[in-house]
Amino acid sequence: MKCPYCQYPDSKVIDSRPTDEDRTIRRRRECVSCGKRFTTYERLEEVPLMVVKKDKTVESFDRNKLLNGMLRSCEKRPVQVEELEEIVEDIEKSLQNDFRRQVTSTELGNRVMEALKSVDEVAYVRFASVYRQFKDVSSFMDELSKFINDRKGEKS
Ligand SMILES: [Zn+2]
């Protein structure tokens with residue numbers, strides 16, 4: 001890091017501390033040439049996440065949209081909004097941690113379904129039926145029996 005006073009290219013870090021919920025690191029530096037001190041901030045680059053929809057159009061990730069979709073599935077179910085917000089948060093964080101710039105709406109939907117499965121069965125089935133847009137009753141029943149078999153597997 002170049003010294004802002006003498007342009008010397010080298011400095012030593014004398015103190016560093018996280019600020020802003022650990023998203024930024026503040027470093028106090030000292031120029032090894034002139035000895036003056038200055039501060040730098042290191043910030044995690046926030047990459048906007050894009051969602052590629054089934055018709056190949058792209059839109060920016062909208063956590064409210066995702067949350068609303070889940071809320072509809074959870075209507076009259078004993079599910080806390082906080083639980084759903086946490087799911088959205090988790091999905092978004094895990095994508096960001098993988099440095100993903102885009103995600104397909106299919107993958108997003110699958111992740112939500114996975115998460116809902118453990119929160120509320122009815123909500124899961126509702127979400128799956130809207131999301132997968134089952135063409136007929138039999139493909140829906142297939143999904144449902146797969147789900148039921150999965151659960152049997154978990155219990156035994
Ligand atoms: Zn200097």
Task: Sites matching trypsin sites (Lys or Arg not before Pro) across the stretch 79-131 that sit in DSSP coil, with at most 11 neighbouring C-beta atoms within 10 Å - done: Arg101
Task: Among Val58, Ile25, Ala128 the positive-end extreme of the charge dipole of the chain (Cβ point charges) - done: Ile25
- [ ] For Val51, list long-range residues whose amide hydrogen, built 1.01 Å from N in the peptide plane, is under 5 Å from its own amide hydrogen.
- [x] Glu59, Ser60, Phe61, Val103
TODO: Go through Lys54/Lys152; Lys54/Lys117; Lys54/Lys146; Lys53/Lys93; Lys12/Lys93; Lys65/Lys152 and tell me which ones have a Cα-Cα distance over 28 Å in this structure.
DONE: Lys54/Lys152; Lys12/Lys93; Lys65/Lys152
- [ ] Please find the FRET efficiency linking Asp90 to Val13, where r is the Cβ-Cβ separation and R0 is fixed at 22 Å, and quote it to the nearest 0.05.
- [x] 0.10
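Per 0.36 nm of contour for each residue apart, how much would the distance between Glu114 and Arg28 grow if the chain were fully extended, relative to their Cα-Cα spacing?
Computed gain between Glu114 and Arg28 is 26.5 nm.
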Task: Lys, Arg +1 and Asp, Glu -1 on Cβ, resulting dipole of the chain about Cα centre, debye, nearest 20 - done: 500 debye
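Mind pulling up the Rg/Rh value for the stretch 16-103? Radius of gyration and Kirkwood radius, both on Cα.
In the stretch 16-103, Rg relative to Rh is 1.21.
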- [ ] May I ask which residue of Pro48, Ser11, Val79 lies farthest towards the positive end of the charge dipole of the stretch 1-85, with charges of +1 (Lys, Arg) and -1 (Asp, Glu) on Cβ and the Cα centre as origin?
- [x] Ser11
Open item on the list: On a full-extension model of 0.36 nm per residue, what is the gain between Val81 and Ser129, subtracting their alpha-carbon distance, rounded to one decimal in nm?
Closed with: 15.2 nm
Task: Convex hull volume of the chain per residue (C-alpha atoms, cubic angstrom) - done: 164 Å³
Task: Sites matching GluC sites (Glu not before Pro) across the stretch 22-89 that sit in DSSP coil, with at most 13 neighbouring C-beta atoms within 10 Å - done: Glu45, Glu46, Glu75
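Since every read-out is calculated from the coordinates, none of them should be taken as a lab result. Keep in mind that this is a model prediction, so the values were computed, not measured. Note that each Cβ is placed from the backbone with ideal geometry, even for glycine, and that neighbours are counted across all protein chains shown.
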